[in-house]
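All of the numbers you see were taken from the coordinates with simple rules; none came from a lab. Note that this is a predicted model, so its numbers are computed, not measured. When we count neighbours, we look across all protein chains shown, and the Cβ atoms used for this are built from the backbone with ideal geometry, even at glycine.
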Amino acid sequence: MLNPQPPVVILAANVPARTKPSVYPEPFASRMAGREKRVLGDLFGLANFGVNLTRLAPGASSALRHAHAKQDEFIYILEGCPTLHTDEGRRHLTPGMCAGFKAGTGNGHRLINETGGVVVYLEVGDRSAGDEVDYPDDDLKGTLVDGQWQFCHKDDTPY
């Protein structure tokens, strides 16, 4: 059987949400309740960067506050008014606003939906091999090994 060709065009909202809500180990994975990701880039066979359409229910977070060593990230707000939490503090965002997070700066970031409405945004990140992630507010660190995230405590003991 031949490998099917990736689509050229899709309706992003019709892409099924990722079945596993988080790659974090517990107790962190359960903190991602209310986050729904539609993995778009993989559908087109993109290998150098990923694109997700992400929905945050009221009270949900995009991720644990984190900073990548090698991966640049970009977000674009489509709907709702999330709060961007960085080392500089908290800032309210509105549709049409965007933010970028350069690799290696150490500036931890995440979005939080502190409103009663839904937040929808696009997130784009490269897939730099050997990336490492620091989580300044949690006893967690991550390393990208062969395309899979591996997590341990900050003292290197595994979860």
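Karplus-derived 3J(HN,Hα) values for segment 46-53, using 6.51 cos²θ - 1.76 cosθ + 1.60 with θ = phi - 60°, are 5, 10, 8, 8, x, 9, 10, 9 Hz; glycine and proline are entered as x.
Residues S30, S22, ranked from the fewest to the most other C-beta atoms within 10 Å, line up as S30, S22.
Cβ-to-Cβ counts within 10 Å put H109, H68 in ascending order as H109, H68, the fewest first. Which shape class, rounded, prolate or oblate, goes with the chain when its Cα gyration tensor gives a ≥ b ≥ c as root eigenvalues, a/c under 1.5 marks rounded, and past that a/b bigger than b/c marks prolate? Note, shape of the chain comes out oblate.
Subtracting the Cα-Cα distance of E132 and A33 from their residue separation scaled by 0.36 nm leaves 33.3 nm. Extending 7 Å from Cα along the Cβ direction at A103 and again at I10 yields two label points whose distance is 2.5 nm. Derived scalar couplings between HN and Hα for segment 66-72 equal 8, 9, 8, 7, 10, 9, 6 Hz in order, rounded to whole Hz, by the Karplus curve 6.51 cos²θ - 1.76 cosθ + 1.60 (θ = phi - 60°), x for Gly and Pro. Could you tally the net charge around R18, taking each other residue with its Cβ under 13 Å from the Cβ of R18, Lys/Arg +1 and Asp/Glu -1? The answer is +2.
Based on C-alpha pairs under 8 angstrom that are at least 6 apart in sequence, segment 25-129 has a relative contact order of 35 percent. Rounded to 0.05, the FRET efficiency of the N48 and Q150 pair, given R0 = 25 Å and the Cβ-Cβ distance, is 0.70.
Residues E88, E132, arranged from fewest to most other Cβ atoms within 10 angstrom of their Cβ, appear as E88, E132.
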